[in-house]
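Every read-out reported here was derived from the displayed coordinates using simple, explicitly stated rules and does not represent laboratory data. Values in this document were obtained by computation on a predicted structure and should not be read as measured data. All Cβ positions, glycine included, derive from the backbone under ideal geometry; neighbour counts span all protein chains shown.
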Amino acid sequence: MPGWSVEGATELASNNERQLATNNVEDDKLITDAKQANRMTAFQRALAILAAIVVVCGLGISLGVRSVRCHMFGAHCSSSPQFASGRYDWSGYGVSSGDCARGDVNFEIEARIATYELPGSGAAHTQFGAPWAASETASMYTRTWVGKSGPFCHGGLTDLRHPTPYDGTAGPLGPCLNVNPGQVITIHVANKMDGGMTTFGQRPVSNEDYYSAAANISGLDDIRVPSTASPDTPLSSGWFGTLPASPSDLTVTNVQDIPGRDVSFDDVNLHFHGLQVVPHLFYPQGTSDPDAPWITIKPAAEDASASTFCYVLTVPDDHPKGTFFYHIHRHGSAAMQGWQGMLGMLIVGDNATAGSPQMDLAAHGIFLELPFLIWEWTTDSAGGLRTNSGAYFEDQFANGGGDLQLFPVNNEFQPTYALPLNATVHVRLVCAQTTTGSALWIQSEATGQLVPFYAFASDGISYDRAYPKSMVVIGPGQREGLLLQFTTPGTYRVMQGILNDFQGYGYTGIGPDVPNRTDQLLASFTVAATGASPAVPVDLSTLTFTPGMGTGVAAEISPDEITTQWGVRFEVQSDVTKMPSPQFVINDQEFDVKRIVREVPARGSAQWTLTSNMNYFHPFHIHVNPFVVKQQVSGFLPGGATFRHAVFNTNLEPTNMWRDTIFIPPLGSVTIWQHFGNNRNNSWIGKTVFHCHFLDHEDQGMIAAFMITGGDQAHSDGG
Ligand SMILES: [Cu+2]
């Protein structure tokens, strides 16, 4: 692997921007410092005991509720019925939709192939290359989710007193799913994508494809590693090794899972991103078998017995209420299906759930809500998804896969939303981009002035109040609960800087204070006084929210609890003797479905130090349990003052924020603390994963399986 030096980093500063002095990631100073700061006074201890008593009483009440629900389902009631063994007996392949529908809420969705258009998406798009002249409107075949039955939530700008359900038929995005804490949710999935590979003109990737790419390395320059951290320094290292004599001599490193070769893009499964539910990627649900395979739902023409699957998930009573989403997580096809919009919003807590953001906001007369799901739609100039070359590999995805990389919001390109003057709208921001991240800000079209807004939740977990921001920086998988308010009539532009732009040559910077930048319009708000306009806007600085992870000691991780430390280094290696090429590795290893990289005890806590060893950022996501963000450092982060301030200051407010996804800055690291349990009541166990949420990185090896183990096997399905 080529070396580099952070000495060359040009953009170091004070505050949180400590230079990354070492790549030794097993650093326990943070824990020691925290332990010293954590010495409690006698009075604080008494308060903690009091809080614990309150928690125990609360638990008793909620267990009572669970017992009632347990009886509804008949057998298998144990001391912890929520996690009772046997609850998931009806999960699996081939279960009929009727037999699956035995939860409190039951969804039925189908994977289909359809054609959609995005009006306006063809014109004047200049983010990559020349404007697209082929058409004013991009249309394409796409793989998509369509809802057949279920309590769907709304899909557009909505007054929650009059919601309109969205079932996924009106565009590429899947239906909006809604579940409440304490409910058992079933999702019956049917794969109706027979012949999709043929329809899209896709063929398996071959050794010859990788060989010819490696022989023509300039096509892969986008992912080379510079010798220093400066964007101005020419690349002097990157590809290494000597091309072997024949394509058949390439070493295959990502065994069993090379996208398009070992995995068909017509295979599906589902991940419920951020939900604190039983591990559900490997078969059977909740399995603790280290060799367990991916759940893989096949088109009926390929395997009728595996063409349907019933997911059964119990959402804990004390689950955070907020914005989540679902997407495909079959290793090898996740990116392709992400580019096609095979994902959707998942909202925990309905409009009548105490402690939900909807209820907290309704108390202040705020009923307007807007899903704001940003994704990538990758097309070529013929107007279809870039598939004509037939094979999938990294070389084709330098710009997301096609000659155009569009960023729809919901199912529209550059949508415009009309808002009443002085009204407040709750924006459920989801970054479902596949290969990029976004910096977002709002500017007045008339004056160019930045319009501040507030954030009260991250990754579906509410804080206790809202914090002012002028920009949010968000990577794939991350969500933010935002509150927008406009007190002057006019048009306002939501602007997007593509984070990846700082990662290669030609970096021009991100943000409103950077000249010659490549930022683009994402959406607009038109604001006018209407009959729905409040006389005065709500004072957002005074709002309070129900904290998603509770309050007091139960919602915190004490440094005394941390029993293990874990260093994780994300890296792209570029050895031309191997395929896939390049190699997306975690601690020098590509994914192997049968390799458990670590076992962690249920209800234990760990400190993770996550490192990106190159001038790339990587979004880290871990399944089942969220974590607390403790520290972030970067040796290299160019950009305008607004962007840097957002990354290093406002993005980290409040301190000790809970998240399930965090981006690791280029040549930087993030320290997180994680508790492997749902609050303090229960824990899920089983085989699960952490990975880079750039789904093409994940597909090509940047993912690892780990096992949550414990004596309380009955608390999970333990297949
Ligand atoms: Cu990555």
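Numbers for the structure displayed
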quantity: Extended-chain gain in nm, criterion 0.36 nm per residue less alpha-carbon gap, VAL536 and SER444; calculated: 31.1 nm
quantity: The stretch 242-377 - charge dipole about Cα centre, Lys and Arg +1 at Cβ, Asp and Glu -1, debye rounded to 20; calculated: 160 debye
quantity: 3J(HN,Hα) from dihedral phi, the stretch 578-589, Karplus parametrisation 6.51/-1.76/1.60, rounded to Hz, x for glycine, proline; calculated: 10, 9, x, 10, x, 9, 9, 10, 10, 6, 6, 10
quantity: Phi to ³J(HN,Hα) by Karplus 6.51 cos²θ - 1.76 cosθ + 1.60 over the stretch 555-562, Hz, x for Gly, Pro; calculated: 9, 10, 10, 7, x, 5, 7, 6
quantity: Inter-label distance for SER212 and SER248, nm, one decimal - labels placed 7 Å from Cα along Cα-to-Cβ; calculated: 1.9 nm
quantity: Peptides ranked, highest mean first, by Cβ atoms within 10 Å: ranges 362-371, 572-581; calculated: 572-581, 362-371
quantity: Hz values of 3J(HN,Hα) by residue in the stretch 161-171 - Karplus curve (6.51, -1.76, 1.60), Gly and Pro given as x; calculated: 6, 9, x, 10, x, 10, 9, x, 8, 8, x
quantity: Protection proxy ranking of 700-707, 420-427 - average other beta-carbon atoms within 10 Å, highest first; calculated: 700-707, 420-427
quantity: Pairs of Cα atoms farther than 17 Å apart, the stretch 435-494, %; calculated: 44 percent
quantity: Spin-label pair ALA170/THR199, simplified geometry with 7 Å Cα→Cβ offset, distance in nm; calculated: 2.2 nm
quantity: Inter-part distance where the stretch 578-596 and the stretch 192-218 are each reduced to a Cα centre, Å; calculated: 20 Å
quantity: Contour excess over end-to-end distance, with Cα ends at THR544 and ILE596 and 0.36 nm allotted per residue; calculated: 14.5 nm
quantity: Protection proxy ranking, peptides 487-493, 626-632, 110-116, average beta carbon neighbours within 10 Å, highest first; calculated: 626-632, 110-116, 487-493
quantity: Ratio of Rg to Rh over the stretch 469-628 (Cα coordinates, Kirkwood Rh, two decimals); calculated: 1.06
quantity: Calculated FRET value between THR487 and THR563, using beta carbons and R₀ = 51 Å, to 0.05; calculated: 0.50
quantity: Separation in nanometres of the label points that stand 7 Å from Cα toward Cβ, at THR551 and ASP588; calculated: 4.9 nm
